[in-house]
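Report on one structure; see the data block that follows.
What follows is calculated from the coordinates using simple rules that are stated; it is not laboratory data. Remember, predicted model here, so these are calculated numbers, not experimental data. Every residue, glycine among them, receives a Cβ derived from its backbone with ideal geometry; neighbour counts consider all protein chains shown.
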Amino acid sequence: MKKARHRSASNTFPSSATQEPNLVPLSCPDCFGVLRFEREGPKGHLAYCCQVGHRYSPSSLLYAKEAQLERTLWSATLLLKQMGYAYQDLLEEMNRTKGAERTGVRRRINEVRKQCLAIRAMIEATHALQ
């Protein structure tokens, strides 16, 4: 059984810290490795570092995570657009043959379009801190 960690003024942990020593439930935006925190310098500034050696201040970590999020959302948008093209090709192919069930494909084409628009709206509505 793990002991609960007591937080004291002399050894303050970020609120995201886990029960494991100095680990936080955040991954490195560069290599996706596990991050741990350290206190640096005479004022004990918070720093996050991974096993590979990438290091971040809280603000640089957030900046990198925001960039990672935007890349991921754009990737999802691109994937949905490509799926829409492939489904459209499938529908056209199905139209050439009689008796093929096209309702499900049409429904999926509409879902993919709506999902793509929703993600684009999320990207455009994001106001990350600078």
*In region 66-80, which residues are closer than 20 Å to Leu129 by Cβ and aliphatic (A, V, I, L, M)?*
Ala67, Leu69, Leu73
*Would you be able to say whether some residue in region 117-128 is of a type in the set (Ser, Thr, Tyr), touching a residue at least 24 places away in the same chain (Cβ under 8 Å), surrounded by 11 or more Cβ atoms within 10 Å (Cβ to Cβ) and in a helix (DSSP H, G or I)?*
no
